[in-house]
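These notes are about the structure you will find just below.
The numbers here are math on the coordinates, done by the rules we state, and not lab data. Since the model is a prediction, treat every value here as computed from it, not as a measurement. All Cβ positions, glycine included, derive from the backbone under ideal geometry; neighbour counts span all protein chains shown.
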Amino acid sequence: MPGRLGRKPFVVATFLAFACFPLAVVAAHSLAGLALAFVVGGLREIGEPARKALILEFVHPEIRARGVGLYYLIRSLAIAPAATLGGLLWKVDPGVPFLLAGAIGLVGTAIFVLTVEERHAG
């Protein structure tokens, strides 16, 4: 299906699911609400192949495996400090790290939508 619609809508759906998951966790006040939050979190898989393809499209085919490894290294290094920051923010209020994560995700999604043209995303 991404071939007919392009990758961008699927990547945007993934970004929205990533952004909405922490917001849904904060909004959950029951077991059913928490279960629904994890359904929202699971929706990020909708565009995962399109997102990975978008990233790896810029890597020469002969070194794509190294490109995947580099992607995961950069991602891990970028998110490792987030746990410490989240812990510090948790001391302020347990909802703060979730709200901040959701806000950053929504801003990032907006930047992607506004700056990446479909011809570069597909």
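A DSSP coil position with no more than 11 other Cβ atoms inside 10 Å describes the following chymotrypsin sites (Phe, Trp or Tyr not before Pro) in the stretch 43-122: Phe58.
Applying a 10 Å radius around every beta-carbon, put 91-97, 48-54 in order of their mean neighbour count, most first.
Details: 91-97: 12.7, 48-54: 17.3.
Those peptides, ordered most packed to least, come out 48-54, 91-97.
The string of couplings for the stretch 46-51 from the Karplus curve (6.51, -1.76, 1.60, θ = phi - 60°) is 4, x, 4, x, 5, 5 Hz, one whole number per residue in order, with x for Gly and Pro. Comparing mean-square fluctuations of Ala27, Ala103, Ala83 from a GNM of the chain with C-alpha springs under 10 Å, the top value falls on Ala83. 222 nm [θ] for the chain, helices only, -39500 (n - 2.57) per DSSP H run of 4+, per residue, to 500? When only DSSP H runs of four or more count, the value is -26000 deg cm²/dmol. A crude spin-label estimate for the pair Leu114 and Ile74, with each label 7 Å from Cα along the Cβ direction, gives 2.3 nm. For the pair Ala82 and Ala65, label points projected 7 Å from Cα toward Cβ lie 2.8 nm apart. Under the rule of at least 5 residues apart or a separate chain, name every residue whose amide H is placed under 5 Å from the amide H of Ala28. Long-range HN contacts for Ala28: none found.
Across the stretch 22-28, coupling constants 3J(HN,Hα) worked out from phi with the 6.51/-1.76/1.60 Karplus curve, θ = phi - 60°, read x, 5, 5, 5, 5, 6, 6 Hz, and Gly and Pro carry x. Short-range pairs are left out: with C-alpha atoms under 8 Å and at least six residues apart, the relative contact order of the chain is 41 percent. Classified by the C-alpha gyration tensor, the stretch 1-92 has an oblate form. Its axis ratio a/c, with a ≥ b ≥ c, is 1.5 or above, and a/b does not exceed b/c. Among Val40, Val116, the order by Cβ neighbours within 10 angstrom, fewest to most, reads Val116, Val40.
The HN-Hα couplings worked out from phi for the stretch 94-100 by the Karplus form 6.51 cos²θ - 1.76 cosθ + 1.60 (θ = phi - 60°) are x, x, 4, x, 5, 5, 5 Hz, whole numbers, x standing for Gly and Pro.
By how many nm would the segment from Ala32 to Leu100 grow when fully extended, if each residue of separation counts as 0.36 nm and the alpha-carbon distance is taken off? My answer for the length gained is 22.1 nm. Within the listed set Gly41, Gly87, Gly108, the residue fluctuating most in the Gaussian network model of the chain (springs between alpha-carbon atoms under 10 angstrom) is Gly87.
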